[in-house]
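Before any comments, here is the structure.
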Amino acid sequence: VTANKGVMNGTDAVVLATGNDWRAVEAGAHAWAARDGRYRPLATWGLDGDDLSGRLEMPLAVGIVGGSTRVHPAARLAIRLTGARTASDLATVAACAGLANSLAALRALATDGIQAGHMRLHARHDGRT
């Protein structure tokens, strides 16, 4: 669950910024993760020779035409910033953000741990360190 939350933190940011329905994307992702009756990770990591290789598999129902993606100026700007010309392009950008966030979360788990790193972030923000 924690690993999938890391994926969704990155994915949701793109989905929300572009005026898409992040709740629907969340629901679809978690349903996909449990599709065989067992909750599984959305992202998998392994070695491809000497290179780290990540794979993200999940449904991503996003669009670039209609709804708030068409009428909200910030959503239009966000879509333009991604360079997406199709809904598939935008889904790829969202998936890349999710996979990158997954890697960052795994790094945090393998080093200080999520809680310690998160508390240090709050301490810096509060001016304590």
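The values are calculated or read from the model by the stated rules, or taken from the named source; none is laboratory data. Just so we're clear, the structure is a prediction, and the values are computed from it rather than from any experiment. So basically every Cβ, Gly included, is an ideal-geometry build from the backbone, and we count neighbours across all protein chains shown. Keep in mind that these areas ignore ligands, DNA and RNA; they rest on the heavy atoms of the full protein, side chains included. Shrake-Rupley method; radii C 1.70, N 1.55, O 1.52, S 1.80 Å.
Taking 7 Å steps out from each Cα toward its Cβ at Glu57 and Ala27 produces label points 2.4 nm apart. Once the C-beta distance of Asn9 and Asp50 is scaled by a Förster radius of 35 Å, the resulting FRET efficiency is 0.80 to the nearest 0.05. Ordering Ile79, Gly54, Trp32 by the projection of their Cα atoms onto the charge dipole of the chain, which places +1 on the Cβ of Lys and Arg and -1 on the Cβ of Asp and Glu, puts Ile79 at the extreme positive end. Only helices reaching 24 angstrom along their own axis (Cα) with mean Kyte-Doolittle hydropathy no lower than -1.0 count here, and for the DSSP H runs of the chain these are 87-110. Fully extending the segment from Cys96 to Arg80 would add 4.1 nm, taking 0.36 nm per residue of separation and subtracting the current Cα-Cα distance. Considered as an equivalent ellipsoid built on the Cα gyration tensor, the chain has semi-axes of 26, 21, 15 Å, the largest given first. Distance between the pseudo-spin-label points of Val71 and Asp89 (7 Å out from Cα toward the beta carbon): 2.5 nm.
Peptide packing for 62-74, 90-102, 43-55 was compared via the average number of neighbouring C-beta atoms within 10 Å per residue; ordered from the highest value, the list is 90-102, 62-74, 43-55.
Placing unit charges on C-beta atoms (Lys and Arg positive, Asp and Glu negative, everything else neutral), compute the dipole magnitude of segment 8-99 about its Cα centre in debye, rounded to 20.
Its charge dipole is roughly 420 debye.
May I ask you to give the percent of accessible area on segment 36-90 that is carbon plus sulfur, with a probe radius of 1.4 Å? Here it works out to 51 percent.
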